[in-house]
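Below is one structure, written out as structure tokens; comments come after it.
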Amino acid sequence: MRIGELAARARTTTRTLRYYEARGLLTARRDDKGHRTYDEDDLRLLRQIRTLRDFGFDLEETRPFVECLRAGHPAGDSCPASLAVYRRKLDELDALMGQLATVRETVAGQLRRAERARDALAADSLVPGGPEPGCELGGLTR
């Protein structure tokens, strides 16, 4: 198939395919007129790259999977280098989840503090001579 058909079937652009070729992730063959030609293996390779990219892998992290596919492994992820990328990505995700958990706890603490402050102000406004309740926009109600 030609580059336009491959791009359409892979749901990408010809520009992306040329970029992948320049990066060594995709290898184009040439027909007798010099046009790039591709086959079903190239489409499978592009789908693997797309799946990994959708999962947050950067382009260079897809290289071991591409090489594994080229070596004849059906899923492209059973080679040692692919497994190493999976391990690094899991470590990265675990670290991010830890950071998010810390941020979540900080925000939850701020919310609890703000709710206590709001409740204290509401209780004070019920006391004669206490402060007037504020509106949601920070002004005073009258």
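The values are calculated or read from the model by the stated rules, or taken from the named source; none is laboratory data. Note that the structure is predicted; figures quoted are calculated from it, not measured. We place every Cβ from the backbone using ideal geometry, glycine too, and count neighbours over all the protein chains shown. Each accessible area value is taken on the protein alone, full model and side chains, heavy atoms only, with ligands, DNA and RNA left out. Shrake-Rupley method; radii C 1.70, N 1.55, O 1.52, S 1.80 Å.
Determine if the range 12-20 includes at least one residue that is closer than 29 Å to Glu92 by Cβ, open to solvent by less than 50 Å² (accessible area, probe 1.4 Å), not small (Gly, Ala, Ser) and not in a helix (DSSP H, G or I). If you could, list the steps in order and put the result at the bottom.
Initial filter on the range 12-20 (closer than 29 Å to Glu92 by Cβ): 12-13, 15-17, 19-20.
Next, from what is left, pick out any that are open to solvent by less than 50 Å² (accessible area, probe 1.4 Å): 12, 16-17, 20.
Filter again for not small (Gly, Ala, Ser), leaving 12, 16-17, 20.
Subset that is not in a helix (DSSP H, G or I): 12.
Among the residues of the range 12-20, at least one is closer than 29 Å to Glu92 by Cβ, open to solvent by less than 50 Å² (accessible area, probe 1.4 Å), not small (Gly, Ala, Ser) and not in a helix (DSSP H, G or I), which makes the answer yes.
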- Cβ pairs under 6 Å, 6+ apart, first in the range 46-68 and closer than 14 Å to Glu21 by Cα, second crowded, with 19+ Cβ neighbours inside 10 Å and among the hydroxyl-bearing types (Ser, Thr, Tyr): Ile49/Thr62
- Task: Out of the residues in the range 76-101 that are touching a residue at least 12 places away in the same chain (Cβ under 8 Å) and small (Gly, Ala, Ser), state the one that is farthest from Leu6 (Cα to Cα).
- Result: Ala84
- Query: Which ones in the range 29-77 are more than 26 Å from Arg88 (Cα to Cα) and among the hydroxyl-bearing types (Ser, Thr, Tyr)?
  - Reply: Thr37, Tyr38
- Query: Any residue at all in the range 81-90 that is open to solvent by 50 Å² or more (accessible area, probe 1.4 Å), at pLDDT 95 or above and closer than 21 Å to Asp41 by Cα?
  - Reply: yes
- Task: Residues being surrounded by fewer than 15 Cβ atoms within 10 Å (Cβ to Cβ), out of contact with any Leu (no Cβ under 9 Å at 6 or more places or on another chain) and farther than 15 Å from Glu5 by Cβ: count how many of those fall in the range 28-57.
- Result: 7
